[in-house]
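Worksheet: the structure to be examined is printed underneath.
All of the numbers you see were taken from the coordinates with simple rules; none came from a lab. Everything quoted here is computed from the prediction, not taken from an experiment. Neighbour counts run over all protein chains shown; Cβ positions are idealised from the backbone, glycine included.
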Amino acid sequence: MHDYKNGRVIIDNKIIELTELENKTLDELIKNKGHITTYEQLCQRLYREPLDYQYRINIQTTIKRLRRKIESKIKIKTRSGYGYIIEWIER
């Protein structure tokens with residue numbers, strides 16, 4: 001469960017704290033569940049700027065940190081050259 005207001009995710013009854021940027025990124029991916037969220041969309045929503053190289057690196061780094069924290073239940077898949085798509089893992 002993603003608790004946007006408090007900046008955390010609850011997975012297997014464990015509270016996982018997120019940074020503000022991780023929280024906003026996860027929220028955007030969840031809003032687009034089942035669809036690719038492009039680098040351009042993330043850049044515009046997170047930074048309110050057009051996509052450039054540095055923002056792309058920042059987004060990739062944020063996704064990497066998110067994956068480490070939440071991938072036991074939520075899978076963030078890369079769509080090379082486009083962006084990301086999110087899936088819930090059923091167990």
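Quick notes
- Entry remark, the range 28-46: residues being surrounded by 16 or more Cβ atoms within 10 Å (Cβ to Cβ) and over 17 Å from R79 (Cβ atoms) number 1 in total.
- Scanning the range 56-91 for residues that are surrounded by 11 or more Cβ atoms within 10 Å (Cβ to Cβ), in a helix (DSSP H, G or I) and β-branched (V, I, T) yields a total of 5.
- Meets criteria (acidic (D, E), touching a strand residue (DSSP E or B) at 6+ places or on another chain (Cβ under 6 Å) and more than 22 Å from S80 (Cβ to Cβ)) for E17: yes
- For the criterion of being among the small types (G, A, S) and in contact with a helix residue (DSSP H, G or I) (Cβ under 7 Å, 6 or more places away or on another chain), G7 passes.
- Here R56 clears all of (1) free of Cβ contacts under 8 Å to residues at least 24 places away in the same chain; (2) among the charged types (D, E, K, R); (3) out of contact with any Phe, Trp or Tyr (no Cβ under 8 Å at 6 or more places or on another chain) except the condition numbered (3).
- Scanning the range 13-27 for residues that are polar (S, T, N, Q) and not in a helix (DSSP H, G or I), we see that the one that is surrounded by the most Cβ atoms within 10 Å (Cβ to Cβ) is T19.
- The set of residues in the range 36-91 being over 20 Å from E17 (Cβ atoms), of a type in the set (S, T, N, Q) and in contact with a helix residue (DSSP H, G or I) (Cβ under 6 Å, 6 or more places away or on another chain) consists of T37 alone.
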